[in-house]
Amino acid sequence: MATTKAPKISQKELRQPDEFQTLGERALQHITDNRKWYILGIIALFVIAGVVSGVRAIIDHRTEKISKMYADALESFDAPIVEENEENKENKPEGLYFPTEEAKYLAALQKFESLQQSYSGSNFGYMALFYIGDCHFKLKRYDKAAEYYARFTDEGSSDLDSLKFVARHNLAQALEMQGKLDDAIKQYDEILNSSDKVWREQAYFFKGYLLEKQDKKEDAVKMYEKMIEEFPESQLKSKAEKRLMMLKG
């Protein structure tokens, strides 16, 4: 099988700040961008399941109440930040907003916790575990974030399996922030050992990154090369090629 050469990267590009070197800012952007589509799909499945089973979930009072609580919590989680000052006093956006990131995620956390405590056995209650983890992560409470991501992957129903892959990535990142690199790598291995290819390319890439942090350069190279081989059209390909160039000198 013929191999193609990776595009040459200039020394200027190599000297640019590495996006993965800023502690706490290595957001899994592709995962964040696509997460809402998975969640919308999951919500649709809840509704369909309710109708098919004859529960009539759409008009059921309990389901309506849970859905409203979830929507309210999610509104806080996604609300914009608007600083309180004279300049924007008359140009504030309509709807909910917060003056700081901390205020925003504390408010969302309280709402998701209330939902989870009241309806822990429901799918929305399980999804609240995921967002409680997200809120703690945003508040830099990485130990609590890891706790709730782990609970979500362990306790969440099979309806939420697609979102569990996202939770494992987030759990790995929370563990990394605590310096627990071996535990973080185990989460990526869980994804790589699954028969489902969802988030597999990201698992290869970020496992390679963690192996770099452990100075296991040869193992890191293997991860990046496997990612490129299995996912030649990946959005992460150029980043993996840059890492390979730096590792191979």
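Which residues among segment 172-191 fall inside the zone where the amide N is under 19 Å from a point 7 Å beyond the Cα of D154, along Cα→Cβ?
The answer is 172-176, 178, 180-191, whose backbone nitrogens lie closer than 19 Å to the label point.
Report the local net charge at L175: Lys and Arg +1, Asp and Glu -1, summed over other residues whose C-beta lies under 10 Å from its C-beta.
On the way: positive: K180, K186; negative: D143, E176, D182, D183.
Net charge around L175: -2.
Which pairs break 21 Å Cα to Cα here: K138/K164; K186/K216; K180/K216; K65/K138?
Values: K138/K164 19 Å; K186/K216 15 Å; K180/K216 15 Å; K65/K138 27 Å.
From K138/K164; K186/K216; K180/K216; K65/K138, over 21 Å: K65/K138.
Ranking request for peptides 143-154, 121-132, 164-175, 222-233: highest mean number of other beta-carbon atoms within 10 Å first, then the rest in descending order. Provide the component values of the computation, followed by the final result.
Working: 143-154: 20.6, 121-132: 22.2, 164-175: 24.6, 222-233: 16.5.
Descending packing order for the listed peptides: 164-175, 121-132, 143-154, 222-233.
Which order do S114, S158, S234 fall in if you start with the one that has the fewest other Cβ atoms within 10 Å? Before the final figure, lay out each step's value.
On the way: S114 14, S158 6, S234 18.
Fewest-to-most Cβ neighbours within 10 Å comes out as S158, S114, S234.
When each pair of different Cα atoms in segment 133-172 is counted once in the 1/r mean, what is the Kirkwood radius in angstroms, to one decimal?
Values: mean 1/r = 0.1012 Å⁻¹.
Computed over segment 133-172, the radius equals 9.9 Å.
If you look at just the Cα atoms of segment 160-217, how large are its Rg and its Dmax in Å?
10.8, 35
Relative to 2.2 N^0.38 Å, what does the C-alpha radius of gyration of segment 80-203 come to as a ratio? Two decimals please. Please report the intermediate quantities before stating the final value.
Working: Rg = 16.9 Å, N = 124, 2.2 N^0.38 = 13.7 Å.
After normalising by residue count via 2.2 N^0.38 Å, the value is 1.23.
Need one number: convex hull volume per residue for segment 144-245, Cα atoms only, in Å³. Please list the in-between numbers first.
Values: hull volume 9.5 nm³, N = 102.
It comes to 93 Å³ per residue, whole-number rounded.
Which length gain, in nm to one decimal place, applies between E225 and L106 when the Cα-Cα distance is subtracted from 0.36 nm times their residue separation? It would help to have the intermediate numbers written out before the result.
Working: separation 119, 0.36 × 119 = 42.84 nm, distance 4.08 nm.
Separation in residues times 0.36 nm, less the Cα-Cα distance, equals 38.8 nm.
Under a crude label model (7 Å from the Cα following the beta-carbon direction), how far is K216 from K186 in nanometres?
If labels sit at K216 and K186, their model points lie 1.3 nm apart.
Would you mind classifying segment 102-167 by shape? Square roots of the alpha carbon gyration tensor eigenvalues, ordered a ≥ b ≥ c; an a/c under 1.5 is rounded, otherwise it is prolate if a/b is larger than b/c and oblate if not.
On the way: a/c = 2.22, a/b = 1.34, b/c = 1.65.
Since a/c reaches 1.5 but b/c is at least a/b, the shape of segment 102-167 is classed as oblate.
Coordinate-derived values only; no laboratory data. Worth saying up front: this structure is predicted, and the values here are computed from it rather than measured. Virtual Cβ from ideal backbone geometry, glycine too; neighbours counted across all protein chains shown.
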